[in-house]
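Read-outs: derived from the displayed coordinates by stated rules, not from any lab. The structure presented is a predicted model; accordingly, all values stated were derived computationally and were not measured. Note that each Cβ is placed from the backbone with ideal geometry, even for glycine, and that neighbours are counted across all protein chains shown.
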Amino acid sequence: MREEIKMLIRLQDLDATVRNLKLTKEKLAKEAAEADRTAQAEKQSLTDKSSEAKSFRMALDKRELDLKEVEGRIQKLEVQLNTVKTNKEYAAFQHEILGLKADKSRIEDQILKMFEQSEQQQKEIKLLAANAADAAAALSERRKAIQTALQDADARAARIQQERVELSEKIPPAFRNPYERLLTRADGRAMAACRNYVCSGCRMSLTANTVSLLMGGDKLVYCQSCGRILYIAEDEDLTGVAGAGRKDPW
């Protein structure tokens, strides 16, 4: 294999590593965003439940004021009851007092249920507060880990890019330029190995003539199907290549 082809293969390996590092960084960024959304969701749940509990507590306080008002009216009527002079007035006061006592009993039942609901809300708030704290702590740790991973990826990418520049300068333009052109339109893989008379890039069979040109190693050889630069895999044995591969049309 020509030394220029070996350098192009190495160049492709470097480019593949850079692409993988870019994908890794994108994945880490998505993980960071997801962790942030989770923490924000827990925080929002706590805020919503706290707001709900506050409004409910205000309603409970209002109901307790209603109870005190009814109790005050009952006490006032009971005092007035002792001053009435006729049975008709007495009966009217008694009827009103009984009605207010029924209202008082109903309000007391409501307040009791509201107290129970308020206690349940406080338990839920306590749990949500713990979840929010855990999510915030997890987010902080995840951010640190992701930041470290991103810095490592950036440092590695910088080293590889420098190695790529140095390697690229050593490759003759006649070999480097076709590679660079193909790199932008071949899914990041400008080269493909020939394995068992098949292009590893597109999985199409190679003609005997194409394989013979590869064996000669005098110039760049391209796959007629995908256009990638071909090279013979190091572990490939092309002994007896004559007549192998896809037949050329007559």
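Quick rundown of the values:
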read-out	value
Gain in span if fully extended, Q80 to L21, counting 0.36 nm per residue against the direct Cα distance	12.4 nm
Two-site label geometry, E52 and S212: point separation in nm, points 7 Å out along Cα→Cβ	8.0 nm
DSSP-defined antiparallel bridges as percent of all bridges, the chain, nearest 5	45 percent
³J(HN,Hα), Karplus 6.51/-1.76/1.60, whole Hz, each residue of the range 47-58, x for Gly, Pro	4, 5, 5, 5, 5, 4, 5, 5, 5, 5, 5, 5
All aspartates and glutamates inside 16 Å of K123 as judged from Cα atoms, apart from same-chain residues fewer than 8 positions distant	E42, D48, E52
Convex hull volume per residue in cubic angstrom - Cα atoms of the range 1-149	106 Å³
Under-5 Å amide H pairs with I232, H placed in peptide plane, nonlocal only	C194
From phi via Karplus (6.51, -1.76, 1.60), per-residue ³J(HN,Hα) for the range 224-236 in Hz, x at Gly/Pro	6, 8, 10, x, 6, 6, 9, 8, 7, 4, 4, 8, 8
Distance between the range 60-98 and the range 177-237 - C-alpha centres, whole angstrom	101 Å
Projected area averaged over orientations for the chain, convex hull of C-alpha atoms, nm²	25.7 nm²
Semi-axis lengths (Å, descending) of the ellipsoid that matches the C-alpha gyration tensor of the range 176-232	18, 13, 8
Cα-only Debye scattering, the range 67-157: base-10 log of I(q)/I(0) at q = 0.14, 0.17, 0.20, 0.22 Å⁻¹	-0.73, -0.84, -0.95, -1.02
Percent of beta bridges antiparallel (DSSP, the range 176-232, rounded to nearest 5)	50 percent
Any cysteine of the chain lacking a neighbouring Cys Cβ under 4.7 Å - listed by number	C194
Per-residue ³J(HN,Hα) for the range 159-169, Karplus 6.51 cos²θ - 1.76 cosθ + 1.60, θ = phi - 60°, Hz, x for Gly and Pro	5, 5, 4, 5, 4, 5, 4, 5, 5, 4, 5
Violating pairs (Cα-Cα greater than 24 angstrom) within the set K43/K144; K6/K27; K54/K76; K62/K113; K76/K101	K6/K27; K54/K76
